[in-house]
């Protein structure tokens, strides 16, 4: 999931219309929202941080590409 979202973000050009759709589970820990991949195995807090997608970072990365 991280590789696909990274590729998506890199394809965004200034002025583009960017649409990201996620259907699945998520959770919040310490005020940070995470999108959980379908093959995710939660062992501990560290696996959540490194195995899921930080939603705020995703939004920030998309905005940094300056879509329309």
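Each reported figure results from applying straightforward, stated rules to the coordinates on display, with no laboratory input. In this text the structure is predicted, and so the values were computed from the model without any measurement. Every residue, glycine among them, receives a Cβ derived from its backbone with ideal geometry; neighbour counts consider all protein chains shown.
Brief remarks on what is shown
- By the helix-only formula, in which each DSSP H run with n ≥ 4 contributes -39500 (n - 2.57) and the sum is divided by residues, the chain has a 222 nm mean residue ellipticity of -11000 deg cm²/dmol.
- Residues listed by number, the stretch 37-68, amide nitrogen under 16 Å from residue 16 label point at 7 Å toward C-beta: 58-68
- The label-point distance for residue 25 and residue 2, in a model that sets each label 7 Å from Cα toward Cβ, rounds to 1.9 nm.
- Answer label, with Cα Rg over 2.2 N^0.38 Å calculated from the coordinates and candidates (i) 1.43; (ii) 1.12; (iii) 1.18: (iii)
- Residues 46, 66, arranged from fewest to most other Cβ atoms within 10 angstrom of their Cβ, appear as 46, 66.
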